[in-house]
There are 2 protein chains.
Amino acid sequence: MKATARAFAIQGLVKYHGLRDPRLRLPYHDSISVCMRALPTITTVEMDAYYARDEVNINGRIPSRRELDRVEVVLDTLRHMAAKRVYGRVVSRNPEVDGKGLGFSASGFAALGLAAATALGLDPGTKRLSEIVRLGAGSASRSLVGGFSIWYASRKRHSYAEQVAKPDSVKLRTIIAPVKSALKTDTAHKDSVSSPMFKARLRYVSAQVSKMKRAIAKGDVPRIGAIAEEDTLNLHAVTMTGPAGIILITPVSLAILHEVRRLREEDDVPAWFSLDTGPSVFINTLPGSVEKVKRAVGKLTKELILSAPGGAAEILDEHLF
Amino acid sequence: MKATARAFAIQGLVKYHGLRDPRLRLPYHDSISVCMRALPTITTVEMDAYYARDEVNINGRIPSRRELDRVEVVLDTLRHMAAKRVYGRVVSRNPEVDGKGLGFSASGFAALGLAAATALGLDPGTKRLSEIVRLGAGSASRSLVGGFSIWYASRKRHSYAEQVAKPDSVKLRTIIAPVKSALKTDTAHKDSVSSPMFKARLRYVSAQVSKMKRAIAKGDVPRIGAIAEEDTLNLHAVTMTGPAGIILITPVSLAILHEVRRLREEDDVPAWFSLDTGPSVFINTLPGSVEKVKRAVGKLTKELILSAPGGAAEILDEHLF
């Protein structure tokens, strides 16, 4: 059977950092994100006895051994659940944006999980499926459920995500500035756990999760933006104090951060920056300020993508092959 | 009487951060720095009954009220010690470099203290004088004693500096890239104490001080450079996680950091970056690699200053007025 799913990449709001169990991708703490409607991943999966092994193509290329291993973990789990020994063809496509830290591993594995489950005739339910896609990429659990969502580190011995607010319940607009980088997200996650600041982050972050949940419930964009900006600096502080001293931001992203601050402090524009584990910048703002932000930040970088919050992963009728 | 002193600005190696007592400038932890021979401050002080009040001129301008208050604390302490109620004229001059975070408040107060003490006919001794200049700027205690020096947070209830190695005992060369900024160092010191990472820094930093002392004793430049670079990221991590989320580096300084890393990792050049509480960059290297570093970093910024370690503050024969 063949099925196609679409999921949206995520912007971490209270970002997850470090894995307590890297194999099962169990995080140290809860985290919150919002899906980005402008960043969809579409994935088609065909499961058929015709295939002698899984054939995977992501954005027109064969993935690396490491990427393939992550795909296999999700497919094997679903095959095991369906009790079917069948291989398949996977074709996945992201929008053509050249940036690192845009959350596409989240949307990629969310779309993969939903498409593969459907192709295998399974309906494990959102909660169970969010646990399965988590095995490929932690944030995929949140991308799957969509909107504003929380990923629980551990709840009754399960680690899964739950939507806390619908995508259009908050008047959030995000201007995304993709920035390139050769760094691997996984390296930063591994390294930062050994930072002398890591335990301080764990203590700090649980309070931030509660604050963010309240801000989202109220639809308070300025508060959401401010907490996400603070969490960004906290996350990057931990990353750069790990043994490898990883500096994820580049001069271009730093110029954008300073400009967002200047806009807010001097021009009174409601805008807050947010970066995941990478140099690409998300600028959170209100619908009425989108043009001002785009004009100012457009002087520093060519490519800007405007996004509203996006919904849950869903099945599409048209296939990629 | 009139006296002129010269002191060298410092590069923090294990940097001090935050003040346990801001009025007495008592730090939370020991810190280590090295004087920069290429960054001298010269200060002439004349104490004479002729003056109805202190007349202070720094780099050709009258200082702000806040700066003047800091000068007065040092002068008043020395006047009290000398039991002389006399005012004076103070003229101080730094080299013409336009950068923030170059350690000139250290050399400024070290030169001021030595010149003023001499003008008042005092000889309080280096240890006592380093405590006095500390009241103007914490790092002045280290600038006064010169070379590679440690500033004790508290030793038998005194907070002063001591030279741990002579300037030419270590084959260190530093290429200094001045970068401008409007931020006040004091703001960063105040803010960072409230960072959720601050306590983690305190635990971390004492081990770093011991490591740095050993590296200096061995004249091990690569080790000195590596510890200073790690401490830089730790310091900036704390600053950016304070309530104001202060980002001290600018796009130019960040481009230099990435280039130094690239030089080291790809071209095998022994070079390590170090920043104090500001965006200006110190690049520590060995004499044989100075030209390579200058050539690479010279593509990113116009002004580069080469420095060897500098000595203690000393009295000069020629006056500024």
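Taking B:Thr118 and the conditions (1) among the β-branched types (Val, Ile, Thr); (2) in contact with a strand residue (DSSP E or B) (Cβ under 6 Å, 6 or more places away or on another chain); (3) within 19 Å of B:Ala228 (Cβ to Cβ), which numbered condition does it fall short on, given that it satisfies the others?
With respect to (1) among the β-branched types (Val, Ile, Thr); (2) in contact with a strand residue (DSSP E or B) (Cβ under 6 Å, 6 or more places away or on another chain); (3) within 19 Å of B:Ala228 (Cβ to Cβ), B:Thr118 is out only on (3).
Could you please tell me which pairs satisfy a Cβ distance under 7 Å, a separation of 6+ or placement on different chains, a first residue in segment A:248-277 that is modelled with pLDDT of 95 or more and of a type in the set (Gly, Ala, Ser), and a second residue that is open to solvent by 30 Å² or more (accessible area, probe 1.4 Å) and not in a strand (DSSP E or B)?
A:Ala255/A:Leu300; A:Ala255/B:Pro251; A:Ala271/A:Arg264
Does A:Ser154 qualify as being open to solvent by less than 40 Å² (accessible area, probe 1.4 Å) and hydroxyl-bearing (Ser, Thr, Tyr)? Spell out how you get there, then give the answer.
Working: open to solvent by less than 40 Å² (accessible area, probe 1.4 Å): no; hydroxyl-bearing (Ser, Thr, Tyr): yes.
So A:Ser154 fails the test.
So B:Leu306 clears everything in (1) open to solvent by less than 60 Å² (accessible area, probe 1.4 Å); (2) away from chain A (no Cβ under 14 Å); (3) not hydroxyl-bearing (Ser, Thr, Tyr) except one condition, right? Which one?
B:Leu306 satisfies all of (1) open to solvent by less than 60 Å² (accessible area, probe 1.4 Å); (2) away from chain A (no Cβ under 14 Å); (3) not hydroxyl-bearing (Ser, Thr, Tyr) except (1).
Within segment A:17-28, can one find any residue that is assigned to a strand (DSSP E or B), without any contact (Cβ under 8 Å) to a residue 24 or more places away in the chain and acidic (Asp, Glu)?
Step one: list which residues in segment A:17-28 are assigned to a strand (DSSP E or B), which gives A:19-21, A:26-27.
The next check asks that each one be without any contact (Cβ under 8 Å) to a residue 24 or more places away in the chain; those that pass are A:21.
Next, only the ones that are acidic (Asp, Glu) stay: A:21.
Among the residues of segment A:17-28, at least one is assigned to a strand (DSSP E or B), without any contact (Cβ under 8 Å) to a residue 24 or more places away in the chain and acidic (Asp, Glu), which makes the answer yes.
Scan A:Thr41, A:Thr77 and give me the residue that is under 30 Å from A:Asp220 (Cα atoms) and at pLDDT 95 or above. Don't jump to the end; show me each part of the working.
On the way: A:Thr77 fails: under 30 Å from A:Asp220 (Cα atoms).
One residue alone meets the criteria, A:Thr41.
Go through (1) surrounded by 16 or more Cβ atoms within 10 Å (Cβ to Cβ); (2) away from every other protein chain (no Cβ under 11 Å); (3) over 18 Å from the mean Cα position of the chain (by Cα); (4) not hydrophobic (A, V, I, L, M, F, W, C) and name the single condition B:Ser210 misses.
Checking B:Ser210 against (1) surrounded by 16 or more Cβ atoms within 10 Å (Cβ to Cβ); (2) away from every other protein chain (no Cβ under 11 Å); (3) over 18 Å from the mean Cα position of the chain (by Cα); (4) not hydrophobic (A, V, I, L, M, F, W, C), the one that fails is (1).
What residue, among those in segment B:93-125 that are without any contact (Cβ under 8 Å) to a residue 40 or more places away in the chain and of a type in the set (D, E, K, R), is surrounded by the fewest Cβ atoms within 10 Å (Cβ to Cβ)?
By that ranking, first place goes to B:Glu96.
What number of residues within segment B:52-62 are within 10 Å of B:Tyr87 (Cα to Cα) and open to solvent by less than 20 Å² (accessible area, probe 1.4 Å)?
Residues of segment B:52-62 within 10 Å of B:Tyr87 (Cα to Cα): B:52-55.
Next cut, open to solvent by less than 20 Å² (accessible area, probe 1.4 Å) only: B:54.
Total satisfying the criteria: 1.
Kindly indicate whether B:Leu112 is in contact with a strand residue (DSSP E or B) (Cβ under 7 Å, 6 or more places away or on another chain), assigned by TED's automatic domain parsing to the domain that holds B:Glu55 and within 19 Å of B:His319 (Cα to Cα).
On the way: in contact with a strand residue (DSSP E or B) (Cβ under 7 Å, 6 or more places away or on another chain): yes; assigned by TED's automatic domain parsing to the domain that holds B:Glu55: yes; within 19 Å of B:His319 (Cα to Cα): yes.
Against the criterion (in contact with a strand residue (DSSP E or B) (Cβ under 7 Å, 6 or more places away or on another chain), assigned by TED's automatic domain parsing to the domain that holds B:Glu55 and within 19 Å of B:His319 (Cα to Cα)), B:Leu112 qualifies.
Being surrounded by fewer than 16 Cβ atoms within 10 Å (Cβ to Cβ) and out of contact with any Phe, Trp or Tyr (no Cβ under 7 Å at 6 or more places or on another chain) is true for just one of B:Ala237, B:Ala177, B:Ala182, B:Ala188. Which residue is that?
Details: B:Ala237 fails: surrounded by fewer than 16 Cβ atoms within 10 Å (Cβ to Cβ); B:Ala177 fails: surrounded by fewer than 16 Cβ atoms within 10 Å (Cβ to Cβ); B:Ala188 fails: surrounded by fewer than 16 Cβ atoms within 10 Å (Cβ to Cβ).
Criteria check complete, one pass: B:Ala182.
Could you say whether any residue in segment B:19-30 is of a type in the set (Lys, Arg) and under 15 Å from B:Arg93 (Cβ atoms)? First the steps, then the outcome.
The initial filter retains those residues of segment B:19-30 that are of a type in the set (Lys, Arg), namely B:20, B:23, B:25.
Among the residues that remain, those that are also under 15 Å from B:Arg93 (Cβ atoms) are: none.
No: segment B:19-30 contains no residue that is of a type in the set (Lys, Arg) and under 15 Å from B:Arg93 (Cβ atoms).
Exactly one of these conditions fails for B:Thr232: (1) buried (at least 24 other Cβ atoms within 10 Å of the Cβ); (2) among the β-branched types (Val, Ile, Thr); (3) away from chain A (no Cβ under 12 Å). Give me its number.
Tallying (1) buried (at least 24 other Cβ atoms within 10 Å of the Cβ); (2) among the β-branched types (Val, Ile, Thr); (3) away from chain A (no Cβ under 12 Å), B:Thr232 fails exactly one: (3).
From the list A:Glu72, A:Glu96, A:Glu55, which one is among the acidic types (Asp, Glu) and touching a Phe, Trp or Tyr at 6+ places or on another chain (Cβ under 9 Å)?
A:Glu55 is the lone residue from the list that is among the acidic types (Asp, Glu) and touching a Phe, Trp or Tyr at 6+ places or on another chain (Cβ under 9 Å).
Across segment B:217-228, what is the number of residues that are open to solvent by less than 10 Å² (accessible area, probe 1.4 Å) and either within 9 Å of chain A (Cβ to nearest Cβ) or in contact with a Lys or Arg (Cβ under 7 Å, 6 or more places away or on another chain) (or both)?
From segment B:217-228, those open to solvent by less than 10 Å² (accessible area, probe 1.4 Å) are B:221, B:224-225, B:227-228; that's our starting set.
Restricting the remaining residues to those that are either within 9 Å of chain A (Cβ to nearest Cβ) or in contact with a Lys or Arg (Cβ under 7 Å, 6 or more places away or on another chain) (or both) gives B:221, B:227.
Qualifying residue count for the region: 2.
Would you pick out the residues in segment A:29-50 that are of a type in the set (Gly, Ala, Ser) and in a loop (DSSP other than H, G, I, E, B)? Explain how you work it out, then say what you get.
Pass one, segment A:29-50, residues of a type in the set (Gly, Ala, Ser): A:31, A:33, A:38, A:49.
Listed by number, the list holds a single entry, A:Ala49.
What is the residue count in segment A:249-270 for residues that are open to solvent by less than 10 Å² (accessible area, probe 1.4 Å) and either within 14 Å of another protein chain (Cβ to nearest Cβ) or out of contact with any strand residue (DSSP E or B) (no Cβ under 8 Å at 6 or more places or on another chain) (or both)? Give the steps one after another, and end with the answer.
We begin by selecting, within segment A:249-270, every residue open to solvent by less than 10 Å² (accessible area, probe 1.4 Å); these are A:253-254, A:256-257, A:260, A:263, A:269.
With the extra rule that they be either within 14 Å of another protein chain (Cβ to nearest Cβ) or out of contact with any strand residue (DSSP E or B) (no Cβ under 8 Å at 6 or more places or on another chain) (or both), the set shrinks to A:253-254, A:256-257, A:260.
Residues flagged as open to solvent by less than 10 Å² (accessible area, probe 1.4 Å) and either within 14 Å of another protein chain (Cβ to nearest Cβ) or out of contact with any strand residue (DSSP E or B) (no Cβ under 8 Å at 6 or more places or on another chain) (or both) within segment A:249-270 amount to 5.
Quickly run through segment A:63-76 and pick out the residues that are over 22 Å from A:Glu96 (Cβ atoms) and either without any contact (Cβ under 8 Å) to a residue 12 or more places away in the chain or open to solvent by 50 Å² or more (accessible area, probe 1.4 Å) (or both).
Selection gives A:Arg65, A:Arg66, A:Asp69, A:Arg70, A:Val73, A:Asp76.
The values are calculated or read from the model by the stated rules, or taken from the named source; none is laboratory data. This is a predicted model, so every value here is computed, not measured. No Cβ is skipped: glycine too gets one built from the backbone with ideal geometry, and neighbour counts run over all protein chains shown. Just the protein is used for accessible areas: all its heavy atoms, side chains included, with ligands, DNA and RNA removed. Shrake-Rupley method; radii C 1.70, N 1.55, O 1.52, S 1.80 Å.
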